[in-house]
Every structure is written in C-alpha cells, then in structure tokens.
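Undergrad: Please read through the structure below; I'll follow up with questions.
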Amino acid sequence: MPFESYKNSRILVTGGAGFIGSHLCERLLDTGAEVVSVDNYFTGSRRNISHLIANPLFEAVRHDVTFPLYIEVDAIFNLACPASPIHYQRDPVQTTKTSVHGAINMLGLAKRLKARIFQASTSEVYGDPLIHPQTENYWGNVNPIGIRSCYDEGKRCAETLFFDYWRQHGLPIKVARIFNTYGPRMQPNDGRVVSSFIVQALKGEPITVFGDGGQTRSFCYVDDLVEAIMRLMATGENITGPINIGNNSEFTIRELAEKVIKLTGSRSQLIFQPLPQDDPRQRQPDLTKAKAALDWEPKMALEDGLKETIAYFKHSLEIA
C-alpha cells in the first residue's frame, strides 16, 4: 500500500484516542484517508480526538478489542494496549488480554478482509537487555512472572501471533518495536518519565528519580515515530519487521530531569526513590534496519521536543 493509496481508503486505528494513536489518526486524515478510531477509553481520551470529530472522514467507535469487531476496512493499525507501567499494572490480566485477545481479534479481522495489518510492539520485548544497543535479532531478557510481565509477555505473544498468521495464512503484516516516545497528548498521570518530570517541574514539586538516575533511555518525538509507522506500513510485502523505531540518542534519567528543570525554569529539586522491580537499566535502539528499510531516522532533538511537550502541558494544566 503506497502512501497515495491511503486517499479514499478506510483505515482502522485501534487505540485511536491514545497518545500515539490520535497523532496517527491525524496524519492519516491528512493523506485523505477515511479513519475509524476504535478505543475503550481505558487510557485513551476523547480530548485527544475532539478536534477530529467534526471531520466527515473521521469516525470514533467505543469498543474493547478483546471482543470481536465486525467492520469493513482496507488496512488496520493495532495500537490498542495500556503502555505505561502505572496503567498496565492497574489491571494486569486485562492488559494481557488486550495484547493477546486483541491481536487474535484484529488478525482474524485482517484475515477475513485480506487487509494489511500493523502491530505496535514495544522495546519492552527486550526486557532488561544484556546487549546494547538492542538489535531486532536479540531475544531479550524478560522476567515472565514479574509485575511488568503482563505487558512484556503480552506484547511478545502478540508478535508470535502476527508471525504465525503471516506464515500460516500469508497475511501481510508489519511489526514495529516502539521505544520511549514523548510529545503532546501524553497523560499527566501516566507515570512515564517525561510527563512525570514535566508535570512535577511545572507544579514546582520535587522531581522523583528512581534509582540513582544513571539508567538510560532514548526518547523519540511522536511526530518522528508516526512518520516511521507510516513508512513501514507503505513498504512492500517482503518487509514484515520487527523493526525498531525510536531515537538512538541516549540520555541518563538524571540528564533528562536536569533538562526539564532548565527548560521549565523550575526550582524543583531531585529526590531519589528505589528502582522499581525489573526496571531496565539501559534502553537504546539499533536503527540500522529502520534506516535501510524505511529511509528514516528521527529528526527532532530532545531539547526541541521537550519545549513542544512543556508548552502542551502548560496549556493543559492551565499553568501560566
């Protein structure tokens, strides 16, 4: 499906009212596609898509992907799943169901429609990695019975299902492993490090750093991520993934906190708490495949992306 064929096509986005999903819906509408957003609003928000409701090419459907969906579409982007530790640990059984039953239902729909389907997988499939940076052929170091397992293992199982449908039924699949992503429309209480630091800094509260702050992450701005997703979905059927998508500029958590304090002009101080169970010590994507297959690399520098995200939170929290 080349880019131009999105025009006049009907595209399903599960998790369409979520942080990343809402940006993807926007981008698809810009191409002239008709977009159906499916979301149960467990972590998604109608505010994220309220500006799209008046668009005659956009439709919002309240539905839980753990139940079958009967709809006619030309392509499917499966993004439905709580993605932050606070949210996916709130109801871990439902998180696993969303990843696994949701994947089964969307793959079944794609099979019936003979439609191309994209799976939003995650860098969490690598667990607490023993190699650095992480390449797609690394099988990971995941605790199967820990408090993060509902998400980590659910996403790993979803990848298994996608590749079995590809092998068994010849289904055209695209699988991306998404690394830390940030930007406008993140939820202020999602527990992600970028949103937490910004909200605490804007409110003048102490900034909570887990561990000694020496653990690393690589932060990708949401517009860069959506561009990569669009490019992956438009590749030929010989490219299935999994492909890492993220930013390979690596920062310590402490460096991120200091950048946020500087950019917000906050007087917040750092406080340190014990590291949560199974929290990865380092996370950085190897982007070799993404560059070769998608002719893509992230463009937004962390400082510039943080400025955009801080401006969004200032407005949404009504902080002058």
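Conditions tested, residue by residue: (1) open to solvent by less than 40 Å² (accessible area, probe 1.4 Å); (2) in contact with a His (Cβ under 8 Å, 6 or more places away or on another chain); (3) over 22 Å from residue 178 (Cα atoms); (4) free of Cβ contacts under 8 Å to residues at least 60 places away in the same chain.
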| site | (1), (2), (3), (4) |
| --- | --- |
| 17 | yes, no, no, yes |
| 24 | yes, no, no, no |
| 44 | yes, no, no, yes |
| 51 | no, no, yes, yes |
| 70 | no, no, yes, yes |
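Undergrad: Looking at the range 181-196, which of its residues are open to solvent by less than 20 Å² (accessible area, probe 1.4 Å) and under 11 Å from residue 312 (Cα atoms)?
TA: 183, 186, 195
Undergrad: Which condition breaks for residue 112 when tested against (1) more than 17 Å from the chain's Cα centre (by Cα); (2) buried (at least 19 other Cβ atoms within 10 Å of the Cβ); (3) assigned to a helix (DSSP H, G or I); (4) not aromatic (Phe, Trp, Tyr)?
TA: Failed condition: (2).
Undergrad: If you don't mind, another one. Being in a strand (DSSP E or B) and either open to solvent by less than 20 Å² (accessible area, probe 1.4 Å) or at pLDDT 95 or above (or both) is the requirement here; does residue 199 meet it?
TA: It is false that residue 199 is in a strand (DSSP E or B) and either open to solvent by less than 20 Å² (accessible area, probe 1.4 Å) or at pLDDT 95 or above (or both).
Undergrad: Considering only residues that are out of contact with any strand residue (DSSP E or B) (no Cβ under 8 Å at 6 or more places or on another chain) and either closer than 21 Å to residue 286 by Cα or assigned to a helix (DSSP H, G or I) (or both), which ones fall in the range 157-196?
TA: 157, 160, 161, 164, 167, 168, 169
Undergrad: In this structure, is residue 167 more than 17 Å from the chain's Cα centre (by Cα), open to solvent by 10 Å² or more (accessible area, probe 1.4 Å), charged (D, E, K, R) and modelled with pLDDT of 95 or more?
TA: Criteria met by residue 167.
Undergrad: Show the residue pairs meeting these rules: Cβ distance below 7 Å; 6+ apart or different chains; first residue within the range 138-149 and of a type outside the set (A, V, I, L, M); second residue modelled with pLDDT of 90 or more and open to solvent by 80 Å² or more (accessible area, probe 1.4 Å).
TA: Going by the 7 Å Cβ cut-off, the qualifying pairs are 141/130.
Undergrad: Restricting to the range 115-141, count the residues that are of a type in the set (A, V, I, L, M, F, W, C) and within 19 Å of the chain's Cα centre (by Cα).
TA: Going through the range 115-141 one residue at a time, the tally reaches 4.
The values are calculated or read from the model by the stated rules, or taken from the named source; none is laboratory data. Computed from a prediction, not measured in an experiment: that's the story for all the values here. Reconstructed Cβ throughout: ideal geometry from the backbone, glycine too, with neighbour counts over all protein chains shown. These area figures cover heavy atoms from the full protein model, side chains too; ligands, DNA and RNA do not enter into them. Shrake-Rupley method; radii C 1.70, N 1.55, O 1.52, S 1.80 Å.
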